[in-house]
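Trainee: Submitted below is the structure of interest, expressed as structure tokens.
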Amino acid sequence: MIRDPAHWSVLAVMAPLVGALVALRGRPVALRAGLLLGALGSGGAAWSLARAVRAEGPLVYPLAGWGAPLGIELLVDGFSVVMLAVTALVGTGASYYATAYFGDLSEASVRESPAGRGARYFAPLWLLLWASLNGIFVSGDLFNLYVLLEILGLSAAAVVTLAVTSKATVAGMRYLLVSLAGSLLFLLGVALLYIAGGTLAIGTLAEAGLEGPLPLVALALMTVGLAAKTALFPLHGWLPPAHAAAPAPGSAVLSALVVKGSFFILVRLWVDLHGGGTREALLLLGFLGAGALLWGSLLALRQRSLKRLIAYSTVAQLGYLFILFPLLYPVAGGWSADAWAGGVVHALAHALAKAAMFLAAGSMTYAVARDDIRAISGIAHRLPMTFFAFGLGGLSLAGIPPSGGFVAKWLLLRAAIEQGAWGWAILMTAGGLLTLAYVLMVLRHALDRSETPPSFRPAPRRLEWAAMALALLAVALGVRATELIELLAIGSGGRLP
Amino acid sequence: MTPLDLYTLAGAVLFALGFHALLGRAHLLWKVLGVNVAAGGIFLILLAAPPRLDPAVADPVPQAMVLTGIVVAVAATAVALGIALRVTARTGLPFLDEDHLEEDDPA
């Protein structure tokens, strides 16, 4: 039916967008239909685009037939495709979880106020968020990226405030303001780049080359803005309260996917637009990533709230994504394929594992009606499947073979050792050990039979299955990593079409 | 100094003022207004973008960006004001202050 495979990139955005409009009707059947439409459209688009990119290389799709420099171009390369695919998987899992989490989306729970607000508005907001994420992954135009980034930030902050607590409201407000500040810096950078280069298309700007101080000022502004949105240390303060306070399926997509949206744009800037240029800046990003890894892990170890621990773990794991930048370019003009594969596989593995952990944590806190690590003692015997899902996700995060997290860390370590960058190698190993420490801390409490929780209500089976499916995918990612790495090598390394 | 340079300069000043209010002021309404002033500054800078082909004709692309940017700013302001109202309703104060919040029941 669809002749040009690049049309699928439009469908990836349109399907969740239409789904959001359908879900806005608010009746339970409309909520389900919207979520189903988003999942099918995103999954279908990711699958078809993956096949097309594998066969033909990177795709460019001029919207409405208007190409750059005047029109807006969509751009799909291997990196886009793997991000679309993992978003479709995590998104489908979180959507399925949401149908049970918000009181089964039944007529009564949707109408019921104020807890019904989550049931009523989670699906449309999350579908809007999904559309903007897919849009970011297929955009080749800077201003288009700005608009999508803003939609992402607005819908993500709104998702946080769906939890009916004062903490969630304040955390959501802070998140929104940080996100707006980041967008403003990004937009100023886009304006300056346009004035300097005369176009908004990343590919054309890269070919023209950036000369003089103006583009560097623009890149610096955009990088600071995106780093704040990605919660890069030391701009991470907003993340733990927001991700911990959101409703569980919201926490999962925020931690797994939303922060990867701004990371994706950072890669487009520092790899595709200004490939490997300004090594000092890449080193600085790496140092901040190292700070995130150590500081986030240490704070995760000190948390008493389960969801906050997982949120600090996100701060730490995002550190690896920034340590990637100095490792990508071992020498001026060089390119480390190992580092690239390791960094992106880490982003994917973290998305699946972290979503599984947040969904499992949501089931546990639902069961004991409290978000406290001590309150879940003995839960392994009550919710064995949820416990298993949390454990698998956590061990993948820590890099235990054969999980996706293991492949990612192994590739990153190999790249660091080949370059003789022992400092990075030691740091990343230490990060893995710290991860193992806080994951085992939770597992130990969950296995502790001596103290049984005072109150317990069984979690719906759908909650347990959704977390389990994502945890298994996080492990499966490690087994099928070779095909993935081949795919994401297509069009990477500053070689946009 | 040409009139266009004056626009750029004014835009930079507005951006700095707005951004300063967003970071420095505690009241949520100040912060939301700061976002709008800063965005206005960027729009001024964009409108002053030098013409590209014909020096007598303004470049249409930055103007399209400004129009879209205004729409985005209106939407962002609406969401921010909505959440700010809810913060005020729940905590009694229009500030970001998490320290004095009671532990909420997660149910």
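Trainee: How many residues are within 12 Å of chain A (Cβ to nearest Cβ) and either under 24 Å from residue B:81 (Cβ atoms) or in contact with a Pro (Cβ under 7 Å, 6 or more places away or on another chain) (or both) when one looks only at segment B:5-23?
Mentor: Of the residues in segment B:5-23, 9 are within 12 Å of chain A (Cβ to nearest Cβ) and either under 24 Å from residue B:81 (Cβ atoms) or in contact with a Pro (Cβ under 7 Å, 6 or more places away or on another chain) (or both).
This table checks each residue for (1) more than 13 Å from the chain's Cα centre (by Cα); (2) more than 24 Å from residue A:241 (Cα to Cα).
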site: B:5; (1), (2): yes, yes
site: B:29; (1), (2): no, no
site: B:85; (1), (2): yes, no
site: B:98; (1), (2): yes, no
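Trainee: A further question on this structure: If I go through segment A:62-72 residue by residue, how many of them are touching a residue at least 60 places away in the same chain (Cβ under 8 Å) and either aliphatic (A, V, I, L, M) or away from every other protein chain (no Cβ under 14 Å) (or both)?
Mentor: 2
Trainee: Right, next: Quick one: which residue in A:257, A:299, A:288 is crowded, with 23+ Cβ neighbours inside 10 Å and either at pLDDT 95 or above or in a loop (DSSP other than H, G, I, E, B) (or both)?
Mentor: A:257
Trainee: Could you tell me which of the residues A:192, A:152, A:148, A:180 is of a type outside the set (Lys, Arg), facing another protein chain (nearest Cβ under 7 Å), assigned to a helix (DSSP H, G or I) and at negative phi?
Mentor: Just one listed residue meets the conditions, A:180.
Trainee: Here's another thing I want to ask about it. Any residue in segment A:203-212 that is within 12 Å of another protein chain (Cβ to nearest Cβ), free of Cβ contacts under 8 Å to residues at least 40 places away in the same chain and either surrounded by 23 or more Cβ atoms within 10 Å (Cβ to Cβ) or more than 25 Å from residue B:78 (Cβ to Cβ) (or both)?
Mentor: no
Trainee: Something else about it: Among the candidates B:10, B:64, which residue alone is without any contact (Cβ under 8 Å) to a residue 24 or more places away in the chain, in contact with a helix residue (DSSP H, G or I) (Cβ under 9 Å, 6 or more places away or on another chain), aliphatic (A, V, I, L, M) and closer than 22 Å to residue A:221 by Cβ?
Mentor: The conditions single out B:64.
Trainee: On the basis of being in contact (Cβ under 8 Å) with a residue 24 or more places away in the chain and surrounded by fewer than 17 Cβ atoms within 10 Å (Cβ to Cβ), does residue A:396 make the cut?
Mentor: Criteria not met by residue A:396.
Trainee: Pairs only if they're at least six apart or on different chains, beta carbon under 7 angstrom, first in segment A:12-36 and touching a residue at least 60 places away in the same chain (Cβ under 8 Å) and among the basic types (Lys, Arg), second in a helix (DSSP H, G or I) and surrounded by 16 or more Cβ atoms within 10 Å (Cβ to Cβ); list them, first residue then second.
Mentor: As it stands, the answer is A:32/A:99; A:32/A:105, since those pairs meet every condition given.
Trainee: Then there's this: Consider residue B:85 carefully, then state whether it is within 25 Å of residue A:125 (Cβ to Cβ) and either touching a residue at least 24 places away in the same chain (Cβ under 8 Å) or in a helix (DSSP H, G or I) (or both).
Mentor: yes
Trainee: Mind listing just one residue for me: the one in segment B:52-79 that is in contact with a Leu (Cβ under 9 Å, 6 or more places away or on another chain) and not in a helix (DSSP H, G or I) and, of those, surrounded by the fewest Cβ atoms within 10 Å (Cβ to Cβ)?
Mentor: Out of the qualifying residues, it is B:58.
Trainee: Within the group A:383, A:440, A:411, A:472, which residue is modelled with pLDDT of 95 or more, buried (at least 23 other Cβ atoms within 10 Å of the Cβ) and not hydroxyl-bearing (Ser, Thr, Tyr)?
Mentor: A:411
Trainee: Also: Does residue A:230 meet the test of being modelled with pLDDT of 95 or more, polar (S, T, N, Q) and within 30 Å of residue A:164 (Cβ to Cβ)?
Mentor: yes
Trainee: Only one residue in B:79, B:71, B:35 is more than 30 Å from residue B:3 (Cβ to Cβ), within 10 Å of chain A (Cβ to nearest Cβ) and modelled with pLDDT of 95 or more, so which one is that?
Mentor: B:79
Conditions (1) more than 16 Å from residue A:310 (Cα to Cα); (2) within 19 Å of the chain's Cα centre (by Cα); (3) not aliphatic (A, V, I, L, M), marked per residue:
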| residue | (1), (2), (3) |
| --- | --- |
| A:428 | yes, no, no |
| A:439 | no, no, no |
| A:447 | yes, no, no |
| A:458 | yes, no, yes |
| A:466 | yes, yes, no |
| A:469 | yes, yes, no |
| A:475 | yes, yes, no |
| A:479 | yes, no, no |
| A:482 | yes, no, yes |
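Matching residues to (1) at pLDDT 95 or above; (2) more than 29 Å from residue A:6 (Cβ to Cβ); (3) of a type in the set (A, V, I, L, M); (4) under 23 Å from the mean Cα position of the chain (by Cα):
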residue: A:57; (1), (2), (3), (4): no, no, no, no
residue: A:63; (1), (2), (3), (4): no, no, yes, no
residue: A:68; (1), (2), (3), (4): no, no, yes, no
residue: A:73; (1), (2), (3), (4): no, no, no, no
residue: A:87; (1), (2), (3), (4): yes, no, no, yes
residue: A:90; (1), (2), (3), (4): yes, no, yes, yes
residue: A:98; (1), (2), (3), (4): no, yes, yes, yes
residue: A:102; (1), (2), (3), (4): no, yes, no, yes
residue: A:129; (1), (2), (3), (4): yes, no, yes, yes
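Trainee: Can you find a residue in segment A:266-282 that is among the aromatic types (Phe, Trp, Tyr) and either touching a Pro at 6+ places or on another chain (Cβ under 7 Å) or modelled with pLDDT of 95 or more (or both)?
Mentor: Within segment A:266-282, not a single residue is among the aromatic types (Phe, Trp, Tyr) and either touching a Pro at 6+ places or on another chain (Cβ under 7 Å) or modelled with pLDDT of 95 or more (or both).
Trainee: Next question. Regarding residue A:425, is this residue at pLDDT 95 or above and farther than 19 Å from residue A:300 by Cα?
Mentor: So residue A:425 passes the test.
Trainee: Looking at segment B:38-51, which of the residues that are out of contact with any Phe, Trp or Tyr (no Cβ under 7 Å at 6 or more places or on another chain) and surrounded by 18 or more Cβ atoms within 10 Å (Cβ to Cβ) is farthest from the other protein chains (Cβ to nearest Cβ)?
Mentor: The qualifying residue farthest from the other protein chains (Cβ to nearest Cβ) is B:40.
The values are calculated or read from the model by the stated rules, or taken from the named source; none is laboratory data. Keep in mind that what you see is a predicted model, and the values were worked out from it rather than measured. Counting neighbours? That spans all protein chains shown, and the Cβs are built from the backbone with ideal geometry, glycine included.
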